[in-house]
1. Just one of Ser223, Ser164, Ser178, Ser160 is of a type in the set (Ser, Thr, Tyr), within 30 Å of Gln25 (Cα to Cα), in a helix (DSSP H, G or I) and free of Cβ contacts under 8 Å to residues at least 40 places away in the same chain; which is it?
2. Please verify whether the range 199-206 includes one or more residues that are farther than 15 Å from Phe241 by Cα and modelled with pLDDT under 95.
3. For residues in the range 226-245 being of a type in the set (S, T, N, Q) and in a helix (DSSP H, G or I), which is surrounded by the most Cβ atoms within 10 Å (Cβ to Cβ)?
4. Applying the selection to the range 15-56, what residues are aliphatic (A, V, I, L, M) and within 17 Å of the chain's Cα centre (by Cα)?
5. Could you tell me which residue of the range 207-220 is modelled with the highest pLDDT, considering only residues that are on the phi < 0 side of the Ramachandran plot and not in a helix (DSSP H, G or I)?
6. With respect to the numbered conditions (1) touching a helix residue (DSSP H, G or I) at 6+ places or on another chain (Cβ under 9 Å); (2) free of Cβ contacts under 8 Å to residues at least 12 places away in the same chain, which one is the sole condition not fulfilled by Lys206?
7. Six or more apart or on different chains, Cβ under 9 Å: which pairs go from a residue in the range 53-67 that's surrounded by fewer than 14 Cβ atoms within 10 Å (Cβ to Cβ) to one that's among the hydroxyl-bearing types (Ser, Thr, Tyr)? Could you list them?
Amino acid sequence: MTFNSHIPLTSSHLSDSICMVWEVQGQSNLRETILPKGVIELIFNLGDGIAGTLPGDKNIQAPPCFIQGIATQVIRTRYAGQHHLFGVQLKPSMLRNIFGFEGAEFKNNLVDLTLIKASFLSLWHQLMEAGSFEKRIQVIEAEFPLVKKTDCIRTKKMCSLFFSNGVEGFESVEAFASAINYSPRQVNRKAHSLFGISGEELITYKKYLQSVNLIHSGRHTLSEVAYESGFFDQAHFCKKFRMFSGITAREYISLKSQAPFHIFS
């Protein structure tokens, strides 16, 4: 399996809207378990068909290109043939500017992109025809919609902290509110609109995300992961990790792939 990723430079117009562009290619007849990873993604299937189960045991047959919202539970997928996906991770603060919808509208769900904007079918064709990851990035650079920057500096900072490396400011809702100059009530309201979860859930979700990234660094014991992710102790960490992932942290360590949050079989 090969995995490529690209983070847009600040000089690129994509940096206002996109966190990362990625591509993964694997073998045929693959099964994948996707742990909640705190992102909203545009996904373009450049391989064969995808069937899967969304949170809530909702069975789906994925369209060629779709938007997948933030998940709070595991997603399971099956690839009938060749596994080849190209993805674009979006900044939640820019979602309304791009699509006219808040991130909460897509929570634990996926939506056919062509139902939102028919032009995405043309973009899918261009990505299919591009011969390499680098050329597909060039397609995104040329074709991805230009949008104005978000007017709310505090919303932008809220998203930046959520996607940052580390958990400083995530000790509590009150601490997070102070870090972005919001009231706890405003944090709760904004978390619901951007992510579809409460402010308290956002705090726990961030700590869980940090723990997965620390596990992939390969340099920490579970007790160190728990402490550096901001949990009270290892028992509290293990409980919350299983709540999100459906497996224990030790099971994840033994099953994890090159791509964080993804398990293949």
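The values are calculated or read from the model by the stated rules, or taken from the named source; none is laboratory data. What you are looking at is a predicted structure, and each value in this text was computed from that prediction instead of being measured. Note: ideal-geometry Cβ built from the backbone for every residue, glycine included; neighbour counts use all protein chains shown.
1. Working: Ser223 fails: within 30 Å of Gln25 (Cα to Cα); Ser164 fails: in a helix (DSSP H, G or I); Ser178 fails: within 30 Å of Gln25 (Cα to Cα).
On inspection, the qualifying residue turns out to be Ser160.
2. To start, the set of residues in the range 199-206 that are farther than 15 Å from Phe241 by Cα comprises 199-200.
Of the ones still in play, those that are also modelled with pLDDT under 95 are none.
No; the residues of the range 199-206 include none that is farther than 15 Å from Phe241 by Cα and modelled with pLDDT under 95.
3. Checked the range 226-245; the qualifying residue surrounded by the most Cβ atoms within 10 Å (Cβ to Cβ) is Ser245.
4. Listed by number, the residues that qualify are Ile18, Met20, Val21, Val24, Ile34, Leu35, Val39, Ile40, Leu42, Ile43, Leu54.
5. Among those residues, the one meeting the criterion is His220.
6. Just one mismatch for Lys206, condition (2).
7. Matching pairs, first to second residue: Asn59/Thr53.
The rows are residues; the columns are (1) assigned to a strand (DSSP E or B); (2) under 14 Å from the mean Cα position of the chain (by Cα); (3) closer than 29 Å to Gly246 by Cα; (4) small (Gly, Ala, Ser).
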{"residue": "Val88", "(1), (2), (3), (4)": "yes, yes, yes, no"}
{"residue": "Asn108", "(1), (2), (3), (4)": "no, yes, yes, no"}
{"residue": "Thr114", "(1), (2), (3), (4)": "no, no, no, no"}
{"residue": "Arg136", "(1), (2), (3), (4)": "no, no, no, no"}
{"residue": "Ile140", "(1), (2), (3), (4)": "no, no, no, no"}
